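One structure is given below, encoded as structure tokens.
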Amino acid sequence: MLRLQKFLAEAGVASRRAAELLIRDGKVEVNGSVVRELGTKVNPDADRILVDGQRVQIKRKIYVALHKPPGYLCTRSDERNRPIIGELLPKEWGSLYPVGRLDRDSEGLIFVTNDGDFALRLTHPRYGIRKKYLAIVTGRVEPKQLTRFTEGVQHLGELLKAEKARLIDANNTRSLVQLELAEGKNREVRRLFETLGMVVERLQRIQIGPIKLAELKPGKWRTLTETEIKSLLAKL
């Protein structure tokens, strides 16, 4: 027996938190009856479970590492028909969803899956999985400015903080900085540099936990190995 929201997450319908919203909104039926109570137990082998009238069954779990190019959205659909990362994957994987996000102009490593528990554990702040970024920034960055990032800075009433910040190269025109973040708040790297009055020209995520972007080309993908999946979850 599984909790209903856990079943929906494992079936690839949505993350567990999003599945809870579906249940509360009355969009889930079990054996012909609408269920709104969180924590309801179901038997995946015997119960008939519908979401918005569609039968749901647990599918084979898929874990994909994708090199997102700039210009693509990390979403399953877009009403303005802008490019989305799902277009870079096989059509039969249309039910996969991104683990976290990279903004439209950013690029680099992102995971795509149909495992809601995996997605939750890699994105929830309490697990603090580390992510590494390379940022090309306008102007010269000084090492002492990066010390502010690791101490934490306020931006629009929110504390932003890098676990590590390293200046790789700098001249009077541009600087190359590597940052390591634990929480990954919305546009956090860009906002950190905004506090210095600087603009990020190019932002690439090069690592999530122990998994590196490495030689994966823009727009290309590969499935994660069992060892890689275990290594990610072992960090949590």
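Observations, loosely collected:
- Of the strands (runs of 3 or more DSSP E) entirely within the range 80-167, those holding at least 1 residues that are touching a Cys at 6+ places or on another chain (Cβ under 6 Å), in contact (Cβ under 8 Å) with a residue 24 or more places away in the chain and not β-branched (V, I, T) occupy 97-99.
- Residue count for the range 1-55, restricted to those that are more than 24 Å from the chain's Cα centre (by Cα) and either part of a loop (DSSP other than H, G, I, E, B) or under 18 Å from V99 (Cα atoms) (or both): 20
Matching residues to (1) out of contact with any strand residue (DSSP E or B) (no Cβ under 7 Å at 6 or more places or on another chain); (2) surrounded by fewer than 14 Cβ atoms within 10 Å (Cβ to Cβ):
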site: K144; (1), (2): yes, yes
site: G157; (1), (2): yes, yes
site: R187; (1), (2): yes, no
site: R205; (1), (2): no, no
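- Boolean, R60 is among the basic types (K, R), surrounded by 11 or more Cβ atoms within 10 Å (Cβ to Cβ) and outside any strand (DSSP E or B): no
- Picking from residues in the range 178-191 that are in a helix (DSSP H, G or I) and in contact (Cβ under 8 Å) with a residue 40 or more places away in the chain, the one that is farthest from the chain's Cα centre (by Cα) is R190.
- Any hit, the range 70-79, residues being surrounded by 15 or more Cβ atoms within 10 Å (Cβ to Cβ), modelled with pLDDT of 95 or more and in a strand (DSSP E or B): yes
- The condition of being buried (at least 17 other Cβ atoms within 10 Å of the Cβ) and out of contact with any Phe, Trp or Tyr (no Cβ under 8 Å at 6 or more places or on another chain) holds for only one of L224, L213, that being L213.
- Residue, nearest to T123 (Cα to Cα), within the range 8-28, restricted to residues that are in contact with a strand residue (DSSP E or B) (Cβ under 6 Å, 6 or more places away or on another chain) and surrounded by 19 or more Cβ atoms within 10 Å (Cβ to Cβ): V13
- Selection of the range 216-236 for residues being modelled with pLDDT of 95 or more and not in a helix (DSSP H, G or I) yields L216, K217, P218, G219, K220, W221, R222, T223, L224, T225.
- The residues of the range 216-233 that are within 16 Å of G71 (Cβ to Cβ) and among the small types (G, A, S) amount to a single one, G219.
- The listed residue being closer than 22 Å to T123 by Cβ, of a type outside the set (D, E, K, R) and touching a helix residue (DSSP H, G or I) at 6+ places or on another chain (Cβ under 8 Å), out of A162, A182: A162
- Any hit, the range 102-111, residues being closer than 28 Å to F7 by Cα and surrounded by fewer than 16 Cβ atoms within 10 Å (Cβ to Cβ): no
Matching residues to (1) assigned by TED's automatic domain parsing to the domain that holds G71; (2) within 19 Å of V99 (Cα to Cα):
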| position | (1), (2) |
| --- | --- |
| E163 | no, no |
| A170 | no, no |
| K185 | no, yes |
| E188 | no, yes |
| V199 | no, no |
| Q204 | no, yes |
| E226 | yes, yes |
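- Flag if G94 is exposed (fewer than 15 other Cβ atoms within 10 Å of the Cβ) and either touching a helix residue (DSSP H, G or I) at 6+ places or on another chain (Cβ under 8 Å) or of a type in the set (V, I, T) (or both): yes
- Scanning the range 192-211 for residues that are within 18 Å of the chain's Cα centre (by Cα) and either assigned to a loop (DSSP other than H, G, I, E, B) or not polar (S, T, N, Q) (or both) gives L203, R205, I206, I208, G209, P210, I211.
The values are calculated or read from the model by the stated rules, or taken from the named source; none is laboratory data. Predicted model, so just to flag it, every value in this text is computed and none were measured. Don't worry about glycine lacking a Cβ; one is built from the backbone with ideal geometry, like all the others, and counts go over all protein chains shown.
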